[in-house]
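One structure is given below, encoded as structure tokens.
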Amino acid sequence: MPFLVVKKRAIIMFLVLFLAIASASIWLLAKNNSVTVFSQESNDEVREIHMVTGEFKAKLPNGREIESYRWDPGTIFVEKSEKVNLVISGVNGAEHPFSIEGTEIKGVVKKGEDTIVPLQFKKEGVYRLICHTHYGKEQNGPMIAYIVVD
Ligand SMILES: [Cu+2]
């Protein structure tokens, strides 16, 4: 029965082709998965948090101008031991020299520039980011942001 032999060969060819396509798809899927895992790992390494320096301004009925400088957002949350880059963009105010209470971290945020502050807290708590130019009400502040570590 030569006809049947040919048919068997066709089935075998079809199976071989099917296996080749199936294994190629699995290989591609596995490859995609590994790429995703890698990009997740690199994203997890250092998280970026963006902050800006802002200013509230108003004119009182008597013509007097009042203003207040702020870090925005005023509160950020990080995990204990988490690596974070705090990127602060200077928008309002020429200069904001700052320090973070309870740490050795200090720097200056200048108008039109990004200041990158690497953070990694070993102890839980609330840390204050304080601007030394606008530290109180009298200095158009208080310009204080809270870093909550837990
Ligand atoms: Cu300031």
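The values are calculated or read from the model by the stated rules, or taken from the named source; none is laboratory data. Since the structure is predicted, the reported quantities are computational estimates derived from the model, not experimental observations. Cβ coordinates were reconstructed from backbone atoms using ideal geometry, including for glycine residues, and neighbour counts include every protein chain displayed.
All but one of (1) more than 19 Å from residue 54 (Cβ to Cβ); (2) within 15 Å of the ligand (Cβ to nearest atom) hold for residue 111, so report the exception by its number.
Against the list (1) more than 19 Å from residue 54 (Cβ to Cβ); (2) within 15 Å of the ligand (Cβ to nearest atom), residue 111 comes up short only on (1).
Answer yes or no as to whether residue 146 is away from the ligand (no atom under 13 Å from the Cβ), touching a Lys or Arg at 6+ places or on another chain (Cβ under 8 Å) and assigned to a strand (DSSP E or B).
yes
Touching a strand residue (DSSP E or B) at 6+ places or on another chain (Cβ under 8 Å) and either modelled with pLDDT of 95 or more or in a helix (DSSP H, G or I) (or both): is that true of residue 54 in this structure?
yes
Give the residues of the range 118-141 that are within 15 Å of the ligand (Cβ to nearest atom) and either assigned to a loop (DSSP other than H, G, I, E, B) or free of Cβ contacts under 8 Å to residues at least 24 places away in the same chain (or both), sorted by residue number.
Once the filter is applied, which keeps residues that are within 15 Å of the ligand (Cβ to nearest atom) and either assigned to a loop (DSSP other than H, G, I, E, B) or free of Cβ contacts under 8 Å to residues at least 24 places away in the same chain (or both), the range 118-141 yields 132, 133, 134, 135, 136, 137, 138, 139, 140, 141.
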